[in-house]
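Before any comments, here is the structure.
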Amino acid sequence: MRALPAEEFESWQLFYMIEPWGWNDNEYRTGAVLAMLNNVNISKKKDTKKESDYMRDMPKLVMKAYNNMGVKDKMRERLLKAGIEERRQMIAQAFGTMVKEVKIGK
């Protein structure tokens, strides 16, 4: 993007304002379809929905995933430094179970 001339960058910004693309557009279109399906199949006016009722808060989800990356890195470091028994326990806990005794090899 740094190599892009300023005029071209501005024209792409204008084009995006007129014809958006990407996750935000996909969220809106999906929300619109779901709201329409809901609204044609309800009997009470108070149960109507809007597109935004079905849209995820993507910036919030992205930030949550970004914040969790540090936790995953720490777990990965711990797993790499752990001995075989501790690794088995960590993997078992990730699947929601505990390892009592496992024989490896012969």
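Odds and ends about this structure:
- Candidate set: segment 32-56, residues that are out of contact with any helix residue (DSSP H, G or I) (no Cβ under 7 Å at 6 or more places or on another chain) and of a type in the set (D, E, K, R); chosen: the one farthest from Gly22 (Cα to Cα): Lys44
- When segment 15-50 is filtered for residues that are over 21 Å from Val62 (Cα atoms), at pLDDT 85 or above and among the polar types (S, T, N, Q), the ones remaining, listed by number, are Asn38, Asn39, Asn41, Thr48.
- Just one residue in the set Ser52, Ser43 is part of a helix (DSSP H, G or I), among the hydroxyl-bearing types (Ser, Thr, Tyr) and assigned by TED's automatic domain parsing to the domain that holds Gly22; that residue is Ser52.
- Filter result for Pro59 (surrounded by fewer than 12 Cβ atoms within 10 Å (Cβ to Cβ), within 28 Å of the chain's Cα centre (by Cα) and not aliphatic (A, V, I, L, M)): yes
- Any chance Ala82 is surrounded by 12 or more Cβ atoms within 10 Å (Cβ to Cβ), small (Gly, Ala, Ser) and farther than 29 Å from Gly22 by Cα: yes
- Any hit, segment 23-41, residues being over 24 Å from Asp53 (Cβ atoms), without any contact (Cβ under 8 Å) to a residue 60 or more places away in the chain and exposed (fewer than 10 other Cβ atoms within 10 Å of the Cβ): no
The values are calculated or read from the model by the stated rules, or taken from the named source; none is laboratory data. Owing to the predicted nature of the structure, the values given are computational and were not obtained by experimental measurement. Backbone-built Cβ (ideal geometry, glycine too); neighbour counts: all protein chains shown.
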